[in-house]
Amino acid sequence: MPLATSEEALVTKPYLDERERITADLQRRVAELGEQIEYELKLREEHNRDQTHRMEKEYSESTRQSVAEYDKLTDDKNLMQASKFFA
């Protein structure tokens, strides 16, 4: 007749100590990785803010130049039409 299996298992103290050490090490690594990810995310957000600011500045400058060129062309057109009218 086979022996009944027990639901309890006997483990040694060194085995439990090793498991606790491994668990603590993994928890420490999880915390470190969380901090690293948070830091990298902040760096990425800062980079994106800087890039957005730079692009907005370039767009504003480009728009200003386009408006100035449009105004100059409009003035030239009006002068040409006025000179034809008086000629």
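The values are calculated or read from the model by the stated rules, or taken from the named source; none is laboratory data. Being a predicted model, the structure only gives us computed values, none of them experimental. Reconstructed Cβ throughout: ideal geometry from the backbone, glycine too, with neighbour counts over all protein chains shown.
What to note about this one:
Listed here are the residues, each with its yes/no results for (1) aromatic (Phe, Trp, Tyr); (2) modelled with pLDDT of 95 or more; (3) over 24 Å from the mean Cα position of the chain (by Cα); (4) part of a helix (DSSP H, G or I).
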position	(1), (2), (3), (4)
Thr23	no, yes, yes, yes
Glu40	no, yes, no, yes
Glu46	no, yes, no, yes
Asp50	no, yes, no, yes
Arg54	no, yes, no, yes
Arg64	no, yes, yes, yes
Tyr70	yes, yes, yes, yes
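- Counting residues in segment 77-84 that are outside any helix (DSSP H, G or I) and surrounded by fewer than 10 Cβ atoms within 10 Å (Cβ to Cβ) gives zero.
- Hey, Ser60 at pLDDT 95 or above, part of a helix (DSSP H, G or I) and among the hydroxyl-bearing types (Ser, Thr, Tyr) or not: yes
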